[in-house]
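Encoded as structure tokens, the structure appears first; notes follow it.
The values are calculated or read from the model by the stated rules, or taken from the named source; none is laboratory data. No experiment lies behind these values; they were computed from the predicted model shown. For neighbour counting, all protein chains shown are included, and Cβ atoms are generated from backbone atoms with ideal geometry for every residue, glycine included. These area figures cover heavy atoms from the full protein model, side chains too; ligands, DNA and RNA do not enter into them. Shrake-Rupley method; radii C 1.70, N 1.55, O 1.52, S 1.80 Å.
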Amino acid sequence: MTTPTVAPTDHSSAGQDDALPVLRTVADLRAQVAAWRAEGRTVALVPTMGALHDGHLALVRRARELADRVVASVFVNPTQFAPHEDFDRYPRDEAGDSAKLLSAGCDALYAPTARGMYPEGFATAISVGGPSEGLCGTFRPQMFGGVALVVTKLFLQALPDVAVFGEKDYQQLMVIRRFTRDLDIPVRVEGLPTVREADGLALSSRNAYLGADERARAPELNRALTAAAAALAGGADPDATLTRVRGRIAEAGFGDIDYVELRDAETLAPVTRVERPARLLAAAWLGKARLIDNVPVLPA
Ligand code: AMP
């Protein structure tokens, strides 16, 4: 005996006839969330920039475990890109994203317009210190302010119980945890381990920028980090280990290495000895793609 209005969506039977509801405005999003709330449902949010892959879908599946209803957002956020970066050529595929989200058990897609998110006269910024400093914060100084702004807006627009993010963007996850706590935003922030290809390459929408030869070289970033994490856990000298990682990545054909650094896993403060859980993080260019990756490092 089920009442259609409160019966959970049967995602296993989702066929071609079922389309994912697409919400374009804050009003539409709030109406959908209010309807779920009226049924007593909990709500999870999965923010993305689209061009979805299995890493994003793992977030959606985790969100389904954590809440009754899942809304994913797809928004290529202009405020987190510097003028010379890849905003214009960032891959976009709303039809493909929508189909993937439906198959992963998502309940609605929130795809706002840039004008809707940043109306004429928009004049507000958010600045986060602490975990934003160094690493990607040095090489992409615009990014975390833009991420903080858009994620804060998404949180306040949807007011979900929980939001799920990937550890693939580890510094971003720590920044989001920081400002969510600092601003008393009542959303639980959940992190999910990086989803990888069989050869270790972290799934990323930007992997589409890799040519065949670059794609073959790309897993060396993760291999070098994984080997270094094992060495550090065994007591190896951090300086010498990080130098070895840089050498190995350069030898594999990477161009500029933005950083290879050991940081505290929680605060992201620089670490010279592994006495608490740490994180080894790197960013390096391979052709037109800037690849980032990170691995945990546990004390010996
Ligand atoms: P993006 O669309 O790249 O902005 O990413 C949206 C969300 O997906 C962020 O929380 C990312 O950390 C997460 N994500 C991206 N790639 C992966 C991956 N390979 N594994 C797990 N999460 C990921």
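Structure values in brief
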| quantity | calculated |
| --- | --- |
| Check on G145, touching a residue at least 40 places away in the same chain (Cβ under 8 Å) and of a type outside the set (A, V, I, L, M, F, W, C) | yes |
| Subset of segment 21-40 [crowded, with 17+ Cβ neighbours inside 10 Å and either within 16 Å of the ligand (Cβ to nearest atom) or not hydrophobic (A, V, I, L, M, F, W, C) (or both)] | Q32 |
| Failed item, numbered, when D199 is tested on (1) part of a loop (DSSP other than H, G, I, E, B); (2) away from the ligand (no atom under 14 Å from the Cβ); (3) open to solvent by 30 Å² or more (accessible area, probe 1.4 Å) | (2) |
| Top-ranked residue of segment 167-185 - restricted to ones that are closer than 18 Å to R62 by Cα and touching a Gly at 6+ places or on another chain (Cβ under 6 Å), ranked as most open to solvent (accessible area, probe 1.4 Å) | E167 |
| Condition broken by A63, with the remaining ones in (1) open to solvent by 10 Å² or more (accessible area, probe 1.4 Å); (2) more than 7 Å from the ligand (Cβ to nearest atom); (3) farther than 12 Å from A108 by Cα satisfied | (1) |
| Those residues of segment 127-178 which are of a type in the set (D, E) and within 11 Å of the ligand (Cβ to nearest atom), in sequence order | E167, D169 |
| V150 in a helix (DSSP H, G or I) and β-branched (V, I, T) | yes |
| Residue pairs meeting the criteria (Cβ under 7 Å; at least 6 apart or on separate chains; first under 26 Å from L57 (Cα atoms), in segment 109-125; second of a type in the set (D, E, K, R)) | A111/R24; A111/E94; P112/R24; T113/R24; M117/K153 |
| Search result, residues across segment 51-60 that are more than 24 Å from G137 (Cβ to Cβ) and surrounded by 23 or more Cβ atoms within 10 Å (Cβ to Cβ) | L52, V60 |
| Residue tally, condition in a loop (DSSP other than H, G, I, E, B) and over 20 Å from V150 (Cα atoms), over segment 168-196 | 3 |
| Residue in segment 208-229 that is in contact with a strand residue (DSSP E or B) (Cβ under 8 Å, 6 or more places away or on another chain) and assigned to a loop (DSSP other than H, G, I, E, B) present | yes |
| Selection status of A208, within 21 Å of D54 (Cα to Cα), open to solvent by 30 Å² or more (accessible area, probe 1.4 Å), more than 13 Å from the ligand (Cβ to nearest atom) and not aromatic (F, W, Y) | no |
| Candidate set from segment 66-117 (those that are charged (D, E, K, R) and in a loop (DSSP other than H, G, I, E, B)); member that is surrounded by the most Cβ atoms within 10 Å (Cβ to Cβ) | D107 |
| Inter-residue pairs, beta-carbon under 7 Å, first under 25 Å from R30 (Cβ atoms) and polar (S, T, N, Q) and in segment 154-177, second more than 8 Å from the ligand (Cβ to nearest atom) and open to solvent by less than 20 Å² (accessible area, probe 1.4 Å), 6+ apart | Q157/L29 |
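Per-residue answers, yes or no, for (1) surrounded by fewer than 18 Cβ atoms within 10 Å (Cβ to Cβ); (2) more than 21 Å from L52 (Cα to Cα); (3) without any contact (Cβ under 8 Å) to a residue 40 or more places away in the chain; (4) outside the structural domain of V70 (by TED's automatic domain parsing):
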| residue | (1), (2), (3), (4) |
| --- | --- |
| V187 | no, yes, no, no |
| L232 | no, yes, no, yes |
| P238 | no, yes, yes, yes |
| V274 | no, yes, no, yes |
| A278 | no, yes, no, yes |
| A289 | no, no, no, yes |
